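What follows draws every value from the coordinates through simple rules; no lab data is involved. This is a predicted model, so every value here is computed, not measured. Cβ atoms come from the backbone with ideal geometry, glycine included; neighbour counts cover every protein chain shown.
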Amino acid sequence: MVLNSHISIVLYPQRLYLTHNLCKNSATVRELQIYYAYCVKFANFYECAASESVTNTYNKIKNKHITSGHRVGIVGGGQLAKMIGLSAMKLGCEVVILEKTEKTPSSSLAVDTLYGDWNNPSNLLNLAKKVDVVSLENEFVDANSLKVLEQAGHLLYPTSTTIELVQDKLIQKQALRDAGIAVVPFAAVNSQEEILQLADKLGWPLVLKARRDGYDGKGNITLNNATDIDDAWSKLNGNNQKLYAEAFCHFTGELAVMVTRGLDGKMVNYPVVESVQKDHVCHIVRAPARIDDELSDAMIELARKAVKIIDGVGTFGIEMFLSKENQIILNEMAPRVHNSGHYTIEACECSQFENHVRAILGMPLGSTKMIAPAAVMINMLGEEQGRGYPVGIEKALAVKGAHIHVYGKTTTNIGRKMGHITALGSDINEAEQIASKAASCIRFGAQK
Ligand code: AIR
């Protein structure tokens, strides 16, 4: 079958082969649709001698937007969108954001910001019409709303199918378990009674979790015994929100791996990192993790497998536990750039953010190699309610080697992620000393 003068399809049992004047690739039907859409939208990138239809479509894009580079749409405008946006801008792209409220961290860099409910398909379509490819900075956007974008022929990465598999943590755990990945025992709980029944099977403590929309400690409560159930149930709004519970993992360490997977299925991974969490919120990330090569290789293999299972395109964060028995257990995966990868901005040849942009544009992925022996990232959290700009930043900036990121949120609150600091060093201790010294100067929301 010939799609146009430059792209033709040859059908083999179960596989399709896409032939193009410059590209020869084996592809599934879905991949083929995607590839075709890319050839049309990014005709210049593939350097194809574009057919009339390709030229017409590309000209429309050019007229609508800018004369070079691409427009990336991001659903959500927080710090993750800001850092993706900065990388996109570095590559000459423009960024358009869809957010619920005004004055988010990314509003100052976006060429255009649309406001509205991101679960409303018409808002998503308005965003998609303004850009070449849509991506996400959070997993809260409803997969069914996202499907509408794909049905209308827009490019979305990660796809709605990937988001569907990940955004409901119960479905995510089931998908991973079914694919043979070790996860802690878990079950849906539809009543307080069912939590007690699960505790009979798994023992205490249990972790009660919201199936959707939890992050940074919101949506997770550890239950130490039966008397904790009532309070946790009402805090997580169990009567109206779907919950599940899982066995508490008595881990010896929490580790994470960032993986970027391209449109062609090629993957790159960053080193395994150690993360220190307090109250389910990430506080410190140390790279690389101080573990032996065998364990590190096994964790990387698991992380890559997990991203493949959900057919991910873009950057993904995979959080793991190391059990007392040295077993690797996948805790959670995020279909987006992740806090465990913020250190890559300064510490790696190509950051998690830039690799995300490269992946969703169908471009070659960059090197994930660290440029220093060690790096440490410390999160800066709000101490109490107050304004979003910190006190003490001038002192922190005087600390040599500290890379300071202030997200630009208008207000702060207890535990809210307001910024982070990364330092490189010849070893973890050296990097951590620098990062801690700078972090101790800065305070968000607290009076000096
Ligand atoms: N985020 C998304 N999922 C998890 C996290 N941490 C980031 C996104 C989102 C922001 O946190 O960038 O926009 C929301 O932070 P806040 O402080 O406004 O709740």
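Taking segment 205-291 as the region of interest, the strands (runs of 3 or more DSSP E) fully inside it that hold 1 or more residues being under 30 Å from CYS350 (Cβ atoms) are 251-261, 267-269, 273-278, 281-287.
Any chance you could count how many residues in segment 306-325 are outside any strand (DSSP E or B) and in contact with a helix residue (DSSP H, G or I) (Cβ under 8 Å, 6 or more places away or on another chain)? Number of matching residues: 6.
Listed here are the residues, each with its yes/no results for (1) among the β-branched types (Val, Ile, Thr); (2) touching a residue at least 40 places away in the same chain (Cβ under 8 Å); (3) within 16 Å of the ligand (Cβ to nearest atom).
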residue: GLU394; (1), (2), (3): no, no, no
residue: LYS400; (1), (2), (3): no, no, no
residue: HIS405; (1), (2), (3): no, yes, yes
residue: ALA431; (1), (2), (3): no, yes, no
residue: LYS437; (1), (2), (3): no, no, no
residue: PHE444; (1), (2), (3): no, yes, yes
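Selection of first residues in segment 73-98 that are on the phi > 0 side of the Ramachandran plot and of second residues that are in a strand (DSSP E or B), restricted to Cβ pairs under 9 Å at least 6 apart or on distinct chains, gives the following pairs, ordered by first then second residue: GLY76/ILE97; GLY76/LEU98; GLY76/GLU99; GLY76/LEU136. Only residues that are farther than 28 Å from PHE353 by Cβ and in a helix (DSSP H, G or I): list them for segment 165-185, please. LEU170, GLN174, ARG177, ASP178, listed by residue number. Selection of segment 133-164 for residues being small (Gly, Ala, Ser) and assigned to a loop (DSSP other than H, G, I, E, B) yields ALA152, GLY153.
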